[in-house]
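The values are calculated or read from the model by the stated rules, or taken from the named source; none is laboratory data. Given the structure is predicted, the values throughout are model-derived calculations rather than measurements. Virtual Cβ from ideal backbone geometry, glycine too; neighbours counted across all protein chains shown.
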Amino acid sequence: MSEKILLIDDEQDFLTVMSERMEARNMQVSTAASAKEGLEKVTAGNFDAVILDLMMPEMDGIEALKLLKEKNPDLAVILLTGHATIKQGIEAMKLGALDLLEKPADLNALTEKIHAAQAQKMLIIEKKNEEMINKIISTKGW
Amino acid sequence: MNSDDKDIQYDAIGEAGLRFFGKVSASIAHEMKNILAIINENAGLLEDLTFAAQRGKAIDPERLNKACRQFTKQIHRADGILKNMSRFAHSVDNFSGQIDLHDLAGLIGNLAGRPAAMRKLVIEVEPPRSPVIFTTNPFLLENLIWLCLEFAFAATGAGGTLTLSPVQTDSAVCLHIAGIDGLAGDFAARMPVGYEPLLMALGAELVADVPGKALVLRLSC
């Protein structure tokens, strides 16, 4: 099954080439050139992972990460950054980022993290289904 | 310049000067990383296409051309950034030198371009009627203009255009920083730390033209 990815970065040239390479790896890629646009797309789509630039105009990646996690706490978010400080890295992890990669990133390493994100999402779905079944079994009298 | 003057200028650089140098360097590093990321992905794309071609898949020549155009575009972008960085780095070479104010304001406008863009602001530099050339400490003046821009960013909020205009009158050389929406008479209390020693070392004065939404930096000459 192909992964559904949202790429959020204010560098349009980066979005174009990155999405082309990811699509060649059988991923379904949507792009957003701002955090605001990304947040709108996350609301509408069911993504396996979001790749988010840490520094963007209007709203930075940390702020966007907070809002993404508020919308969907289980969403896998991988941060990409030109120059992360240790403080930013720790803050991102505390907010629930799956990982933080430095630009220029290795696409193979990124792809592995996306696979891991999808596997994690499947586990969360399975756990939720199991909890729901157990709840039904324990509350119904049959 | 005597040794007392030199001491005043060294003192004026202080913590604010180091912060200024650090902020400019960090901003340049970030932009260069973005450029490298685009070059890296385009190189990766060529590898992907080569890999596909080795397995008998036809390559669209236009796809190769597009990647090459990206390399050229990003190299020109990086070259411009590094030229600015080099000029900026060399501005500490001499404590006193002849400068063209339009040229210097343009350099700071370029260096502050990304921090401005992060706030959806644009910086424009208007050419003067005739060249405004005088002798000063280039680094201190760059630092002072940068601090004025930091104030302008915070006062203006998101969106808008800040215009830097060098002006020469009979008595002084001035730099107008216009387009500051939230400018008020008490601007001095909201200026970033470190601007006063810079004003003193340069023998300059900073006043607010509140109706004109502009800071006026009067420089001695």
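The condition of being among the aliphatic types (A, V, I, L, M) and over 24 Å from residue A:33 (Cα atoms) holds for only one of B:104, B:121, B:111, that being B:104. Among the residues of the stretch B:188-219, those that are free of Cβ contacts under 8 Å to residues at least 60 places away in the same chain and not aliphatic (A, V, I, L, M) comprise B:190, B:196, B:203, B:205, B:209, B:211, B:212, B:213, B:218. Candidates in the stretch B:169-187 are the residues that are touching a helix residue (DSSP H, G or I) at 6+ places or on another chain (Cβ under 8 Å) and touching a residue at least 40 places away in the same chain (Cβ under 8 Å); of these, the one that is nearest to residue B:215 (Cα to Cα) is B:177. Candidates in the stretch B:89-105 are the residues that are in contact (Cβ under 8 Å) with a residue 40 or more places away in the chain and of a type outside the set (S, T, N, Q); of these, the one that is nearest to residue B:164 (Cα to Cα) is B:105.
Exactly one of these conditions fails for residue A:26: (1) of a type outside the set (A, V, I, L, M, F, W, C); (2) in a loop (DSSP other than H, G, I, E, B); (3) touching a Lys or Arg at 6+ places or on another chain (Cβ under 7 Å). Give me its number. If we test residue A:26 against (1) of a type outside the set (A, V, I, L, M, F, W, C); (2) in a loop (DSSP other than H, G, I, E, B); (3) touching a Lys or Arg at 6+ places or on another chain (Cβ under 7 Å), just (3) comes out false. If the condition is being surrounded by fewer than 19 Cβ atoms within 10 Å (Cβ to Cβ) and more than 13 Å from chain B (Cβ to nearest Cβ), then the stretch A:76-97 contributes A:86, A:87, A:89, A:90, A:91, A:93, A:94, A:95, A:96. When the stretch B:111-162 is limited to residues that are β-branched (Val, Ile, Thr) and part of a strand (DSSP E or B), the one that is surrounded by the most Cβ atoms within 10 Å (Cβ to Cβ) turns out to be B:123. For the stretch A:40-58, how many residues are within 19 Å of residue B:158 (Cβ to Cβ) and surrounded by fewer than 18 Cβ atoms within 10 Å (Cβ to Cβ)? Qualifying residue count, the stretch A:40-58: 2. Of all residue pairs spaced 6 or more apart or on separate chains, those with beta-carbon atoms under 6 Å, a first member in the stretch B:30-46 that is within 7 Å of another protein chain (Cβ to nearest Cβ) and a second member that is of a type in the set (A, V, I, L, M) and assigned to a helix (DSSP H, G or I) are B:41/A:17; B:41/A:18; B:42/A:17; B:42/B:67; B:44/A:107; B:45/A:17; B:45/B:67.
Checked against (1) surrounded by 12 or more Cβ atoms within 10 Å (Cβ to Cβ); (2) over 25 Å from the mean Cα position of the chain (by Cα); (3) modelled with pLDDT under 95, residue B:42 passes all but a single condition, namely (3).
For residue A:32, the requirement of being away from every other protein chain (no Cβ under 13 Å), farther than 27 Å from residue B:157 by Cα and at pLDDT 90 or above is not met. Considered as a group, the residues in the stretch A:45-62 that are touching a residue at least 40 places away in the same chain (Cβ under 8 Å) and of a type in the set (Asp, Glu) include one that is farthest from the other protein chains (Cβ to nearest Cβ), and that residue is A:48.
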